[in-house]
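Trainee: The structure is given below, and queries will be raised subsequently.
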């Protein structure tokens, strides 16, 4: 898969804040035409990793390599815009570049919010806002899209459609996609590589491999196994933020220390990391 | 025409207003009202410093405003205190240190009132040249960095990730605020400068549908406030600095009253 040079590659990245290690020797790379998904529990460092790769926060050690003049589209986890800033959807679409009206309509159409083009962004719902932000990243025809939980707040059917759209975009533009999700089942099928992150890389590899690794099952339980059918039935509710952490983790948190012995990954040096938070 | 002190005051006020309106919009959008306040209170310290070193007040104020802004950026990384607490500390500390050092320089008979509230009626042709010259520089830089600055205001993360020069834009922004404060100090005084940045922008918000429209409208509102205030001060022989602020406030109240009407007309 990685015969071409990666678009964005981080090697042995560590990030510390307030004396706490947020990321510990994490390596990740994305090449063209590849979907890499980062999963992991809350507080596992998924957003921190994206921000470190994008140069938005300082790294304590490691290197980040970015292809020269990389055309990148970024959808952050959340966007808070002060209400005193009058901004229509159309203007937001042109935040970092100028585009024709037709192209804006087309991009908004792809995410299903073309009819909102003249609306004030402060009148959008959370899900609509996510769709607009995704369209804003797509309109750039980026070589790499970096998406931090891009479909949060989007309704269930919309969520499936947007993930399918992300895959379609990859196929259409051959771009690389780096995706953070706390919901593996949705993105499983399309991903080329999954990285399970809990401060360090717990396991990584092809989705099927990751799903069967003991580390993954410790973090997420075994329910993933039943949902290998494309966009299959899901257990648990999307809006429940604590869901992923509560049940499966609590069961193992106080238990025996465990190592990361994922199939093709070498992180044996971590003995007994603390997942309890 | 420039021989008339009132005409000079009017031209000076309008010159400041044209710049403070658009720049004030960014202060409002970025929730930096208190930040601007702190920088302008520090201006008093700048005055004291330039008197001590026999410099033009402009340079002392400019340098101290920037120093305070940079100090704030450094202190914010401490993360233990919220930024509005920090601002409160620096704002009043610099104001007090400024007043105390002015008091020590008893040989200079400084009128503290004019420093706090300005003395627009005494502006000279030289001041006018500074105001309009500085104004052109500020507006030029603002236009040049408009896209990066606006993008960084909406989302600093998106703008930097997608390759816009946000760091430079943010630095230029601080520089522009310091410049406007240094120029406006004589006109309206350390205590009232931020009002000319914030109130016109807030009034413009009621009507604007785009950031650009809001910036232009704010410049217009600020000009109106200057004209209105100076005429009020002429009429009632009131202190011109506070009168300009009162003018801006009256326009703000008017905008609150008129805005619902304007919206109703638009949706019809």
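All of the numbers you see were taken from the coordinates with simple rules; none came from a lab. For clarity, every value in this text was computed on a predicted model and none was experimentally measured. When we count neighbours, we look across all protein chains shown, and the Cβ atoms used for this are built from the backbone with ideal geometry, even at glycine.
Trainee: When you count, for each residue, the other Cβ atoms within 10 Å and take the mean per peptide, how do B:55-67, A:68-80 rank with the highest first? Display every interim value, and only then the final one.
Mentor: Details: B:55-67: 20.0, A:68-80: 16.8.
Listed from highest to lowest mean packing, they are B:55-67, A:68-80.
Trainee: Under the Kirkwood approximation applied to all pairs of distinct alpha-carbon atoms, what is the hydrodynamic radius of the range B:209-268 in Å? Each step should come with its number before you reach the end.
Mentor: Details: mean 1/r = 0.0794 Å⁻¹.
Its Kirkwood hydrodynamic radius stands at 12.6 Å.
Trainee: Please compute, for peptide A:51-59, the average count of beta-carbon atoms on other protein chains lying within 10 Å of each residue's beta-carbon.
Mentor: Working: counts 2, 0, 1, 5, 3, 6, 1, 0, 0.
That average works out to 2.
Trainee: Continuing with the same structure: Is the C-alpha gyration tensor of the range A:117-167 telling us rounded, prolate or oblate? Criteria: a/c under 1.5 is rounded; beyond that, a/b larger than b/c is prolate, otherwise oblate. List each step's numbers first, then the result.
Mentor: Numbers: a/c = 2.04, a/b = 1.18, b/c = 1.73.
Verdict is oblate for the range A:117-167.
Trainee: Answer rounded, prolate or oblate for the range A:21-82, using the Cα gyration tensor with square roots of eigenvalues a ≥ b ≥ c: rounded when a/c is under 1.5, else prolate when a/b is larger than b/c, else oblate. Let's see the in-between values first.
Mentor: Working: a/c = 1.33, a/b = 1.06, b/c = 1.26.
It is rounded, given that a/c, with a ≥ b ≥ c, falls under 1.5.
Trainee: Which order do the peptides B:210-217, B:242-249, A:24-31 take when ranked by the mean count of other beta-carbon atoms within 10 Å per residue, highest first? Provide the component values of the computation, followed by the final result.
Mentor: Values: B:210-217: 19.0, B:242-249: 22.6, A:24-31: 20.6.
Those peptides, ordered most packed to least, come out B:242-249, A:24-31, B:210-217.
Trainee: Please give the calculated 222 nm ellipticity per residue for the protein assembly as shown, where each DSSP H segment of at least 4 residues contributes -39500 (n - 2.57) and the sum is spread over every residue; nearest 500 deg cm²/dmol?
Mentor: Numbers: 21 runs with 300 residues, N = 545.
It lands at -18000 deg cm²/dmol.
Trainee: In whole percent, what relative contact order does chain B give with Cα contacts below 8 Å and a gap of six or more residues? Walk me through the intermediate numbers first.
Mentor: Numbers: 399 pairs, mean separation 82.3, N = 268.
RCO, chain B: 31 percent.
Trainee: Let me know the mean shielding of A:91-103 by other chains, meaning the per-residue number of their Cβ atoms within 10 Å of its Cβ. The partial results should precede the final answer.
Mentor: Values: counts 6, 2, 0, 2, 11, 12, 4, 1, 0, 0, 0, 0, 0.
Partner-chain Cβ atoms within 10 Å, mean over residues of A:91-103: 3.
Trainee: Sticking with this structure for a sec: Give me the one-decimal nm value for the distance between modelled label points at residue B:83 and residue B:70, 7 Å along each residue's Cα-to-Cβ direction.
Mentor: 1.9
Trainee: While we're here: Over the range B:65-149, with a single point scatterer placed on each C-alpha, what log10 of the ratio I(q)/I(0) does the Debye formula yield at q = 0.15, 0.25, 0.26 1/Å?
Mentor: -0.94, -1.10, -1.12
Trainee: Starting from the Cα gyration tensor of the range A:1-129, take the square roots of the eigenvalues, sort them a ≥ b ≥ c, and report rounded, prolate or oblate (rounded when a/c is under 1.5, otherwise prolate if a/b is larger than b/c, else oblate). Please list the in-between numbers first.
Mentor: Working: a/c = 2.44, a/b = 1.62, b/c = 1.50.
In terms of gyration-tensor shape, prolate.
Trainee: What share of the DSSP beta bridges in the protein assembly as shown is antiparallel, in percent to the nearest 5? Intermediate results must be reported in sequence, preceding the final value.
Mentor: Details: 20 of 37 bridges.
Antiparallel: roughly 55 percent of the beta bridges in the protein assembly as shown.
Trainee: Still on this model: Kirkwood Rh, the protein assembly as shown, all Cα pairs: how many Å? If you can, show how the numbers build up before the last one.
Mentor: Details: mean 1/r = 0.0381 Å⁻¹.
In the protein assembly as shown this quantity evaluates to 26.2 Å.
Trainee: So, one more: Just grab the label-to-label distance for residue A:174 and residue A:12, each label 7 Å out from Cα along the Cβ direction, in nm (one decimal).
Mentor: Here the answer is 3.3 nm between the modelled labels.
Trainee: Tell me, in nm to one decimal, what length is gained between residue B:264 and residue B:97 on full extension, where the rule is 0.36 nm per residue of separation less the Cα-Cα distance? Show your work: numbers first, answer last.
Mentor: Details: separation 167, 0.36 × 167 = 60.12 nm, distance 5.07 nm.
Gain in length upon complete extension: 55.0 nm.
Trainee: Next question, about the same structure. Sort B:146-157, B:189-200 for me by packing, meaning the mean count of neighbouring Cβ atoms within 10 Å per residue, highest on top.
Mentor: Numbers: B:146-157: 21.2, B:189-200: 26.1.
Per-residue Cβ counts within 10 Å, averaged per peptide and sorted highest first, yield B:189-200, B:146-157.
Trainee: Tell me, what does the Kirkwood hydrodynamic radius of the range B:5-190 come to in angstroms if you use every pair of distinct C-alpha atoms? Write out the running numbers ahead of the final one.
Mentor: Details: mean 1/r = 0.0583 Å⁻¹.
Its Kirkwood hydrodynamic radius stands at 17.2 Å.
Trainee: Would you mind giving the mean number of other chain beta-carbons within 10 Å of the Cβ of each residue in A:76-86, as a whole number?
Mentor: Numbers: counts 5, 1, 1, 4, 2, 4, 6, 2, 11, 13, 13.
Whole-number average of other-chain Cβ neighbours for A:76-86 is 6.
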